[in-house]
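The values are calculated or read from the model by the stated rules, or taken from the named source; none is laboratory data. These numbers come from a predicted model, not from an experiment. Positions of Cβ are backbone-derived with ideal geometry, glycine not excepted, and every protein chain shown enters the neighbour counts. Just so you know, the surface numbers come from the protein's heavy atoms only, side chains and all, with ligands and any DNA or RNA stripped out. Shrake-Rupley method; radii C 1.70, N 1.55, O 1.52, S 1.80 Å.
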Amino acid sequence: MRIDMIKGHGSGNDFLIIDEITNAYSFSEGERAALARLLCDRSSDLGADGILFIMKSEHAAGRMRVFNADGSEASMCGNGLRLVARYVCEMLGFKEAIIETMKADLKVSQQEDIYPDVTTYQVEISPVSFRLADLPLNLNADDLLNKKIPELSDALTFSALAVPNPHLISIVELEHLKSEIQKQISEKVNQPNELFPDGVNVSFVKSLSPGRIYVNTFERGVGFTNACGTAMSASSLVTCLQGLNNLEERINVYNNGGKVQCVVHKNDENFDIDLIGNATYLFRAEVDVNLASENFTVHSKEAFTEQDIYEKLQIEAQAYLRGAGL
């Protein structure tokens, strides 16, 4: 079969975008997983962290499904949602829209550029739950906020929340970021284990200054990634709960792929987060896929020029991180 797609990224977290609204594609669940494993392979001509399938919705402007590079499906992806927001809004001529995801219908909108000439979208990250059963995390407690998990570390404290992807977050110092402890913990909780039967995204967060944090994430189903949108959102919320940042104020979140901004809102006892950042297109491609023989060929590829501009943001962000000792 021949499939048209766009490759893009949010903060260096890259995806293949497949439009099922204007194209007559029809995939089985097994085919979606197989496409992700095949096309996202980094040794191939494409390579990506996952595939974003944009589908028709009965009640929203579009529906997003996210399949990781290992073929597993994610319930949410903040960086991917910004790309879907851009695609759907440009397709329909909208400045804002509602996108259906696995757990919720989320507000998205075009925003002022986060950096000159870098296309920028804001997406809603919700629902937020601190119930360990929603991750799930098997501990004899209802929630976990800035507490130790002896099975993982004697020194670090952790917070756990679902947004709705499951996240385990630790506020750390430079020495921890430069050690192997995050890799060891992440691999442990994403292999068969009693604590996290479904695995979990693991983020180490360093507070840089008021309104600025650095987030490094091991993403379930992917591994260490340049950035994870829901992880940066969840990390921003945790820093607010610990008094490092303030609700309703923009937080600059630096990552290995650049930076985004997050704003944490509280309504009664509920939280939601605005995630604001780039939605950058890399190239458009036509790909001939044979799932039976597990191979594909790139029929054509047309590059966009947006990455050259985005790299200026990256350079600026990386210079700031070097100045902070990272």
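Points worth noting:
- Spatial separation of Cα centroids for segment 112-165 and segment 196-216, in angstrom: 8
- For the options ILE98, ILE125, ILE273, a Gaussian network treatment of the chain with springs between C-alpha atoms closer than 10 Å singles out ILE98 as fluctuating the most.
- Distance between the 7 Å Cα→Cβ label points at ASP117 and LEU247: 4.1 nm.
- DSSP assigns beta bridges within the chain; of those with both partners inside it, close to 85 percent run antiparallel.
- Exposed GluC sites (Glu not before Pro) absent: longest stretch of the chain, with sites in DSSP loops and at most 14 other Cβ within 10 Å deemed exposed: 1-57
- The solvent-accessible area of PHE94, taken with every protein chain present and a 1.4 Å probe, is close to 100 Å².
- Electrostatic bookkeeping for VAL263 treats Lys and Arg as +1 and Asp and Glu as -1; over the other residues with beta carbon under 12 Å from its beta carbon, the sum is -3.
- Along segment 244-253 the Karplus relation, 6.51 cos²θ - 1.76 cosθ + 1.60 evaluated at θ = phi - 60°, assigns HN-Hα couplings of 7, 9, 10, 4, 6, 10, 5, 10, 7, 10 Hz to successive residues, with x for each Gly and Pro.
- Between the beta carbons of GLU294 and LEU139, assuming R0 = 35 Å, the FRET efficiency works out to 0.30 to the nearest 0.05.
- Cα→Cβ-extended label distance, 7 Å offset, between ARG322 and ASN146, nm: 3.4
- Heavy-atom accessible surface of THR280, to the nearest 10 Å², is about 0 Å², with a 1.4 Å probe and all protein chains retained.
- With a Förster radius of 25 Å applied to the beta-carbon distance between ILE309 and GLU73, the computed FRET efficiency rounds to 0.20.
- Between PHE224, PHE67, PHE15, the Gaussian network model of the chain with springs among Cα atoms under 10 angstrom shows the greatest mean-square fluctuation at PHE224.
- Note: relative contact order over segment 228-274, using C-alpha pairs below 8 Å and six or more positions apart, is 31 percent.
- When each of LYS103/LYS148; LYS148/LYS183; LYS147/LYS206; LYS56/LYS301 is checked by Cα-Cα distance, pairs over 22 Å: LYS103/LYS148; LYS56/LYS301
- Each of ASP41 and ASN23 was given a label point 7 Å from its Cα along the Cα-to-Cβ line. The distance between the two points is 1.9 nm.
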